[in-house]
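One structure is given here, and the rest of the page talks about it.
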Amino acid sequence: MTEHLKIDMEKRACPSCETTALHFFYEVKQAPVHSVLLLHDRETAVNFPTGDIILGHCQECGFITNAAFNDAQQDYAGEYEATQGFSPTFNAFHRRLAADLIERYDLHNKHIVEIGCGMGEFLHLLCEMGDNTGTGFDPAYVKERSLVGESDKITFIADYFSEQYVNTPGDFFACKMTLEHIPNTAEFVRMVRQTVGDNPNKTVFFQVPNARYVLGDVAFWDIYYEHCSYFSMGSIARLFRHVGFDVMDLWTDYDDQYLMIAARPGKGDNPQLAQEDDLALVAADVAYFTDAFGQLAEDWRRRFTAYKRNGRRVVLWGGGSKGVSFLTGLGITLDDVQYVVDINPNKTGTFMAGTGQEIVAPQFLPEYKPDIVIVMNPIYRNEIRRDLKEMGLAPQVLTV
Ligand SMILES: [Zn+2]
């Protein structure tokens, strides 16, 4: 980090607890500012705008922020494609989560508001399974691309959730995989607090990636530009308490990759849950990540060099943010990897931001005959092995 930049960074306050206790520990220069937009030609993909990632860990609350993040570069109203709704593993998880929330919070004949609802799959599940009605907000919502179709039970608002919507009525407020995209976390959750009002019978549910999973697994491919905010159980609980929510539940799911919080309006002073006490654990994770990252990146680069030398065909499986971050983080070029596989048909024929690989459907593989398949998310390994076998292929399958 340059000295000038460092001094500028040191003045930054933690956007969650609003103190100045950030310690900077990880830096990526020129990461693509978006990794899930559909890019239809290689030139656009290779020349995609970039920004820096400088992660700061707040010693006061445990929150991790990209202090170099500039949200003016972010535009989710474009051809944004982040749905995981094509994976059976993911769909099973979604159904299980919906059933669990309906049971835990008695969601029957209620009105559900989802902030950042994507194409509406999850809101649709909550409404169908619990006989509820819903309002969904998402700037990327496109009626024609929604898998769940029109419904008289659900209203979709294709916009960012902002001050103008704080009067939106609801009994249960869900916000999944959205807060990690928001730099001013306290400001945002305060706005949600204002929307929910003071009725303690209303519940908010947030789901974010689990930063401790990312750090503990040295999963640098899970650190990307769109994700400017990284939480542990304790840091998300401290944020919610800070803006006037009582924390009801904290848990993880999806092999520990996702972190969930349920909270109710209050003063933020109800008895602490045991999981909230993680400041020292997060600090240890940050130290571990810092040490281990250099070695891991070096190991991967060495492997790619050997593959190239031996003329092995390598494909990545997973054309989302993880794939983009893995390739750009390691400096992998088109010489090393030519294709990235993704089961989402909307991505077929588009290109990876930054490195420019073409995204192909799995059906392309029998023709290409890869020697090595690198799976970007281990949770899909069995699903992918089965798909490969059904196509009569037996490449070496590696997971990150
Ligand atoms: Zn903080």
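Structure notes:
- Residues considered: D335, D256. Of these, the only one that is open to solvent by 30 Å² or more (accessible area, probe 1.4 Å), in contact (Cβ under 8 Å) with a residue 24 or more places away in the chain and touching a Phe, Trp or Tyr at 6+ places or on another chain (Cβ under 6 Å) is D256.
- Residues in the stretch 224-257 that are hydrophobic (A, V, I, L, M, F, W, C), under 13 Å from P209 (Cα atoms) and assigned to a helix (DSSP H, G or I): M233, I236.
- Output for the stretch 272-299, where each listed residue is open to solvent by less than 40 Å² (accessible area, probe 1.4 Å), modelled with pLDDT under 95 and under 21 Å from the mean Cα position of the chain (by Cα): none
- Residues located in the stretch 226-243, provided they are more than 12 Å from the ligand (Cβ to nearest atom), within 23 Å of Y26 (Cα to Cα), open to solvent by less than 10 Å² (accessible area, probe 1.4 Å) and modelled with pLDDT of 95 or more: C228
- Residue identified as part of a helix (DSSP H, G or I) and either among the β-branched types (V, I, T) or open to solvent by less than 50 Å² (accessible area, probe 1.4 Å) (or both) among F161, F188: F188
- Subset tally (residues that are within 16 Å of the ligand (Cβ to nearest atom), out of contact with any Ser or Thr (no Cβ under 8 Å at 6 or more places or on another chain), of a type outside the set (A, V, I, L, M, F, W, C) and in a loop (DSSP other than H, G, I, E, B)) for the stretch 8-66: 4
- Conditions (1) loosely packed, with under 14 Cβ neighbours inside 10 Å; (2) within 30 Å of E27 (Cβ to Cβ); number of the one not met by M376: (1)
- Filter pass, V208 being open to solvent by less than 20 Å² (accessible area, probe 1.4 Å), part of a helix (DSSP H, G or I) and either at pLDDT below 95 or in contact with a strand residue (DSSP E or B) (Cβ under 9 Å, 6 or more places away or on another chain) (or both): no
- Test: residue in the stretch 382-391 that is open to solvent by less than 30 Å² (accessible area, probe 1.4 Å), closer than 12 Å to V315 by Cα and either at pLDDT 95 or above or aliphatic (A, V, I, L, M) (or both): no
- Sole exception among (1) in contact (Cβ under 8 Å) with a residue 24 or more places away in the chain; (2) touching a helix residue (DSSP H, G or I) at 6+ places or on another chain (Cβ under 8 Å); (3) open to solvent by less than 50 Å² (accessible area, probe 1.4 Å); (4) over 25 Å from Q30 (Cβ atoms) for S325, by number: (4)
- Being away from the ligand (no atom under 16 Å from the Cβ), over 23 Å from I53 (Cβ atoms) and open to solvent by 10 Å² or more (accessible area, probe 1.4 Å) holds for only one residue in D269, D217, and it is D269.
- The single residue among V148, V166, V113 that is surrounded by 14 or more Cβ atoms within 10 Å (Cβ to Cβ) and touching a Pro at 6+ places or on another chain (Cβ under 9 Å) turns out to be V113.
- If the condition is being open to solvent by 10 Å² or more (accessible area, probe 1.4 Å) and over 11 Å from F24 (Cα atoms), then the stretch 54-67 contributes only E60.
The values are calculated or read from the model by the stated rules, or taken from the named source; none is laboratory data. From a predicted model like this one, the values you see are computed outputs, not experimental measurements. Here Cβ is always computed from backbone atoms with ideal geometry, including for glycine, and neighbour counts include all displayed protein chains. Note: accessible area is taken over every heavy atom of the protein model, side chains too, but ligands, DNA and RNA are not part of it. Shrake-Rupley method; radii C 1.70, N 1.55, O 1.52, S 1.80 Å.
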